[in-house]
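Shown next, in structure tokens, is the structure this report addresses.
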Amino acid sequence: MSDYSRHEEWLAKLRNHMETERYAATTMSRRMCTAGHFLVSLAKQHVELVDACPLHIEHYLRQVRQTYRRRHGHSPGYESWRRLQTDGIHMLLRLVQGRWPPIPVAVTPAEILEKEVCEAYSEWLTSVCGRSWGTVSGRVGEARRFLNWLGAQTRETLATLARVDVEDYMKDRAHLLCRSSLRGVAGDMRGFLRWLHMTERTVHDLSSTVIAPPVYAFEGLPSAVGAEDVKKIIAVTQKDCTPKGIRDYAILMLLSTYGVRAGEITMLRLDDVDWRNEIIRIRHNKTGATSYLPLLPEVGEAMLQYLQKSRPKTAFREVFIRCCAPYRPFKGGSNLGRLVRRWFEDAGVKTKGKHGPHAFRHARAVGMLRAAVPLKEIGDLLGHRSADSTLVYLKLAIEDLRAVAVEIPTEVRA
């Protein structure tokens, strides 16, 4: 088969994929064009598409950048221009090679050691400890960061790992993290160092050398949005009648009404809503508990409007779907952060603390506290397993606490 015929076959596969995913015509045209030019570049280098690697993309980009500079007299805006050039190429490579970017091949002794250790540690955390995917990902990620930091010092063994190495690493991490985050890193490092000693990869158990910073319970005020600000944000969102505005309004109604976590919204499925009995099921991803809450009329109306007028037609069962191709569910709760921050800006609401989805959760807790709702009921709504988790919200009702403040005796003031 000639290069031309093979290129046409790959491009036809790319076009069919984008048509199936319902990409916009302009997006399809641009990606087809850049993918075609990339195939020509590969042919000139006598490289098959199945063998393409990141170096071939960089070679292609250098050529295109030089052509752009000759035509326009200046270099293109790097990040946005690069993304426009590579979107179609990456999509084509995913279709042909199965994944992109490819898994880097370990070459140096340090890279080989890092790969072997992280795979073994991940297997132990999963099969022996029964940790969740999120926990395993976080702990192995910290282990990989530590081994990468050691670099060539590791050579082919960790037997020479010393206390000073661990201390220096923790000092480096401390420059970029707050105390609570650094405490989490310390916990991950202790677990990893214990495992290294248990599997005889290190001579000494260095876990005791990791010192975590103190983090005191209830030491700070959690941030929350005021009730008036919540109404303001909801009102601005409700005025947006675009598909994205309708979807975001339904999401914000869930956040402000039930105080759910962002991840619980992205996990919400169509069968979690019992329209006949007006009940919504919330699966709390942090605690593993499940709550069955009344589907309030204003929330139900917002969700129904989204499902009927805005939600793209897709086989996915998650309620909330991205508004542009590929039409897929959100990957996680963190994806809602930018969405919520945008509505904060549009409503002109400025806060000193958090201005993401969790701020609505805190605001809901404060509203219930001021309505004299018992802590047990607040905890049940928020999906808390322990009353201590709910007690933190007492600090948010500052004005209520001032109302019951005890007057300081005169002799003490003196």
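Consider region 134-152 and keep the residues that are of a type in the set (Gly, Ala, Ser) and surrounded by fewer than 18 Cβ atoms within 10 Å (Cβ to Cβ). The one that is modelled with the lowest pLDDT is 152.
Being among the β-branched types (Val, Ile, Thr) and in contact (Cβ under 8 Å) with a residue 60 or more places away in the chain, is that true of even one residue in region 38-54? Scanning region 38-54 turns up no residue that is among the β-branched types (Val, Ile, Thr) and in contact (Cβ under 8 Å) with a residue 60 or more places away in the chain.
Please pick out the residue among 92, 61 that is in contact (Cβ under 8 Å) with a residue 60 or more places away in the chain and in the same structural domain as residue 37 (by TED's automatic domain parsing). Every option except 92 fails the conditions. Tell me yes or no: at least one residue of region 273-295 is more than 16 Å from residue 359 (Cα to Cα), surrounded by fewer than 13 Cβ atoms within 10 Å (Cβ to Cβ), acidic (Asp, Glu) and in contact (Cβ under 8 Å) with a residue 40 or more places away in the chain. Within region 273-295, not a single residue is more than 16 Å from residue 359 (Cα to Cα), surrounded by fewer than 13 Cβ atoms within 10 Å (Cβ to Cβ), acidic (Asp, Glu) and in contact (Cβ under 8 Å) with a residue 40 or more places away in the chain. In summary, residue 171 fulfils each of the numbered conditions (1) part of a helix (DSSP H, G or I); (2) out of contact with any helix residue (DSSP H, G or I) (no Cβ under 7 Å at 6 or more places or on another chain); (3) within 26 Å of residue 54 (Cα to Cα) with the single exception of condition (3). It is to be established whether one or more residues within region 100-114 are exposed (fewer than 12 other Cβ atoms within 10 Å of the Cβ), more than 30 Å from residue 201 (Cβ to Cβ) and either modelled with pLDDT under 95 or not assigned by TED's automatic domain parsing to the domain that holds residue 193 (or both). No, every residue in region 100-114 fails to be exposed (fewer than 12 other Cβ atoms within 10 Å of the Cβ), more than 30 Å from residue 201 (Cβ to Cβ) and either modelled with pLDDT under 95 or not assigned by TED's automatic domain parsing to the domain that holds residue 193 (or both).
Within region 166-176, if we keep just the residues that are at pLDDT 90 or above and not hydroxyl-bearing (Ser, Thr, Tyr), the residue that is farthest from residue 202 (Cα to Cα) turns out to be 174. Only residues that are assigned to a helix (DSSP H, G or I) and modelled with pLDDT under 90 were counted in region 153-164, giving 2.
Checking each residue in region 1-35 for being over 14 Å from residue 96 (Cβ atoms), surrounded by 11 or more Cβ atoms within 10 Å (Cβ to Cβ) and hydrophobic (A, V, I, L, M, F, W, C) picks out 18, 24, 28, 32, 33. Among the residues of region 268-314, which ones are among the β-branched types (Val, Ile, Thr) and within 24 Å of the chain's Cα centre (by Cα)? Correct list: 282, 287, 290, 314. The set of residues in region 24-62 being of a type in the set (Gly, Ala, Ser), in a helix (DSSP H, G or I) and either closer than 19 Å to residue 80 by Cβ or more than 30 Å from the chain's Cα centre (by Cα) (or both) consists of 29, 35, 36, 41, 43.
Residues that are exposed (fewer than 14 other Cβ atoms within 10 Å of the Cβ), modelled with pLDDT of 70 or more and either in a helix (DSSP H, G or I) or not assigned by TED's automatic domain parsing to the domain that holds residue 262 (or both) within region 357-391 comprise 370, 376, 377, listed in sequence order.
The values are calculated or read from the model by the stated rules, or taken from the named source; none is laboratory data. Just so we're clear, the structure is a prediction, and the values are computed from it rather than from any experiment. Ideal geometry is used to build each Cβ from the backbone, glycine not excepted, and the neighbour counts take in all protein chains shown.
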